[in-house]
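Here the structure comes first, spelled out in C-alpha cells, and everything after it is commentary.
The values are calculated or read from the model by the stated rules, or taken from the named source; none is laboratory data. None of these values were measured; they are calculated from a predicted model. Glycine also receives a Cβ, built like all others from the backbone with ideal geometry; neighbour counts cover every protein chain displayed. Side chains included, ligands, DNA and RNA excluded: accessible areas come from the protein's heavy atoms. Shrake-Rupley method; radii C 1.70, N 1.55, O 1.52, S 1.80 Å.
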Amino acid sequence: PLAKVLDLELATKPQIVLAVWQYIKLHKLQESDEKKIVNNDETLQKLFNVSKMSFSEIPSRLEPHLLPPA
C-alpha cells in the first residue's frame, strides 16, 4: 500500500522518508503553528493508524511497510 501511495517500487529508507515528506507537503498536512506535526489525511491514517504524528516518528512508522532488498 505504501509503494502505491508514493509511486515507488524500490527505494532506500531515506528516499522513502523523503517521499513521505513530499506527500505531506504536497497535501498541506503540516500543522500551521507546529510544522513538525503532521495531520494525516485518510490515506496516511490507513497506513500509519494514527491521525497525527511528528516528523520524527515517520521512520519508525515506516518499518512495518518495508521489506529487505531481494
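One table, with the values for the structure above:
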item: Calculated mean projected area of the Cα convex hull in nm² (choose from (i) 5.6; (ii) 4.4; (iii) 4.7), label; result: (ii)
item: Helix-derived mean residue ellipticity, 222 nm - over the chain, DSSP H n ≥ 4, -39500 (n - 2.57), to 500; result: -11500 deg cm²/dmol
item: The chain - accessible surface per residue (Å², probe 1.4 Å); result: 72 Å²
item: Where trypsin sites (Lys or Arg not before Pro) fall in DSSP loop in the chain, at most 15 other Cβ within 10 Å; result: 28, 35, 36
item: Whole-percent carbon and sulfur share, accessible surface of the chain, 1.4 Å; result: 56 percent
item: Acute angle (nearest 10 degrees) that the helix 13-26 long axis makes with the longest principal axis of the chain, alpha-carbon atoms; result: 40 degrees
